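The values are calculated or read from the model by the stated rules, or taken from the named source; none is laboratory data. It should be emphasised that the depicted structure is a prediction, and the values quoted were computed from it without experimental measurement. Cβ coordinates were reconstructed from backbone atoms using ideal geometry, including for glycine residues, and neighbour counts include every protein chain displayed.
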Amino acid sequence: MFHARRYKHCPSCGGPVEYRVPADDNRERATCLNCGSIHYENPINVVGTLPVWGEGEATQVLLCKRAIEPRYGLWTLPAGFLELGETAAQGAQRETDEEAGARIELGPLYCLLNVVQVGQIHLFYSARLLSTEFNPGPETLEARLFHEHELPWDQLAFRTVRRTLQHFFEDRRLGRPPALHSGDIG
Ligand code: ZN
């Protein structure tokens with residue numbers, strides 16, 4: 001069974017944490033040996049967009065070259081951790097603005113991918129670019145459009161990005177209307 005084990009010290013009192021199965025539970029939880037607090041850990045949501053420009057053969061997608069670790073220098077769709085107080089769609093839009101400085105019209109959810117190994121769920125929304133002017137933030141070295149034949153398949157930062165791009169270009173090739181894809185990575 002997978003355990004994220006994010007805690008070494010208690011966020012409440014700073015005491016040492018041990019992973020134990022609490023009474024009436026069936027999983028190991030971060031349990032403070034000092035104050036007895038139990039800290040539950042659940043999967044984290046990563047939200048992003050698949051920003052598209054143009055139609056048919058001229059279709060291009062927006063990728064960002066990462067200026068931060070992990071995966072410095074590799075290409076990703078704009079995405080990041082969902083924050084408290086925002087919806088998944090708002091988070092996806094915010095990340096697109098922060099990482100690429102791209103103006104988009106957000107579409108429906110396109111890809112939901114479970115990455116159980118690292119305790120994450122990645123959500124990518126369809127998005128239509130409203131302009132080709134980008135203003136990348138500090139987490140991005142470069143933001144640019146790619147035609148399918150230009151895609152840097154061997155320099156993609158994350159497998160969820162690869163999977164989402166594969167679905168998009170396959171749907172387009174088969175003339176399928178964009179519909180939600182869901183799956184598991186790992
Ligand atoms: Zn404690």
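Is it true that residue 59 is in contact with a Lys or Arg (Cβ under 8 Å, 6 or more places away or on another chain) and near the ligand (Cβ under 10 Å from one of its atoms)? Steps first, please.
Details: in contact with a Lys or Arg (Cβ under 8 Å, 6 or more places away or on another chain): yes; near the ligand (Cβ under 10 Å from one of its atoms): no.
No.
Do we have any residue at all in region 94-108 that's under 22 Å from residue 145 (Cβ atoms), free of Cβ contacts under 8 Å to residues at least 40 places away in the same chain and part of a strand (DSSP E or B)?
Checked against the condition, which is being under 22 Å from residue 145 (Cβ atoms), free of Cβ contacts under 8 Å to residues at least 40 places away in the same chain and part of a strand (DSSP E or B), region 94-108 yields at least one hit.
Tally the residues that are touching a helix residue (DSSP H, G or I) at 6+ places or on another chain (Cβ under 9 Å) and buried (at least 16 other Cβ atoms within 10 Å of the Cβ), restricting the search to region 72-102.
Looking only at that region, the number is 9.
Table: residues versus (1) within 11 Å of the ligand (Cβ to nearest atom); (2) in contact with a Leu (Cβ under 8 Å, 6 or more places away or on another chain); (3) within 24 Å of residue 82 (Cβ to Cβ).
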| position | (1), (2), (3) |
| --- | --- |
| 11 | yes, no, yes |
| 16 | yes, yes, no |
| 25 | no, no, no |
| 33 | yes, no, no |
| 38 | yes, no, yes |
| 45 | no, yes, yes |
| 51 | no, yes, yes |
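Yes or no: region 53-68 includes at least one residue that is in the same structural domain as residue 135 (by TED's automatic domain parsing), out of contact with any His (no Cβ under 7 Å at 6 or more places or on another chain) and within 17 Å of residue 182 (Cα to Cα).
No: region 53-68 contains no residue that is in the same structural domain as residue 135 (by TED's automatic domain parsing), out of contact with any His (no Cβ under 7 Å at 6 or more places or on another chain) and within 17 Å of residue 182 (Cα to Cα).
For region 127-186, give me the residue count where each residue is aliphatic (A, V, I, L, M) and not in a loop (DSSP other than H, G, I, E, B).
Qualifying residue count, region 127-186: 8.
Restrict the check to region 70-86 and report whether at least one residue is over 17 Å from residue 142 (Cα atoms) and either in contact (Cβ under 8 Å) with a residue 12 or more places away in the chain or outside the structural domain of residue 131 (by TED's automatic domain parsing) (or both). Before the answer, list the steps.
Of region 70-86, the ones over 17 Å from residue 142 (Cα atoms) are 81-86.
Remaining after also requiring either in contact (Cβ under 8 Å) with a residue 12 or more places away in the chain or outside the structural domain of residue 131 (by TED's automatic domain parsing) (or both): 81-82.
Yes, because at least one residue in region 70-86 is over 17 Å from residue 142 (Cα atoms) and either in contact (Cβ under 8 Å) with a residue 12 or more places away in the chain or outside the structural domain of residue 131 (by TED's automatic domain parsing) (or both).
Would region 32-45 turn up any residue that is hydroxyl-bearing (Ser, Thr, Tyr), more than 30 Å from residue 79 (Cβ to Cβ) and surrounded by 12 or more Cβ atoms within 10 Å (Cβ to Cβ)?
Initially, region 32-45 is screened for residues hydroxyl-bearing (Ser, Thr, Tyr), giving 37, 40.
Applying the additional criterion that residues be more than 30 Å from residue 79 (Cβ to Cβ) yields 37.
If we keep only those that are surrounded by 12 or more Cβ atoms within 10 Å (Cβ to Cβ) too, we end up with 37.
Within region 32-45 (the criterion being hydroxyl-bearing (Ser, Thr, Tyr), more than 30 Å from residue 79 (Cβ to Cβ) and surrounded by 12 or more Cβ atoms within 10 Å (Cβ to Cβ)), the answer is yes, since at least one residue qualifies.
Based on this model, can you work out whether residue 155 counts as out of contact with any helix residue (DSSP H, G or I) (no Cβ under 7 Å at 6 or more places or on another chain) and crowded, with 16+ Cβ neighbours inside 10 Å?
Criteria not met by residue 155.
As an exercise: evaluate residue 38 against (1) at pLDDT below 95; (2) in contact with a strand residue (DSSP E or B) (Cβ under 6 Å, 6 or more places away or on another chain); (3) over 19 Å from residue 118 (Cβ atoms) and give the number of the one condition it does not meet.
Answer for residue 38: the failing condition is (1).
Got a number for residues in region 123-140 being surrounded by fewer than 18 Cβ atoms within 10 Å (Cβ to Cβ) and either among the basic types (Lys, Arg) or within 18 Å of the chain's Cα centre (by Cα) (or both)?
4
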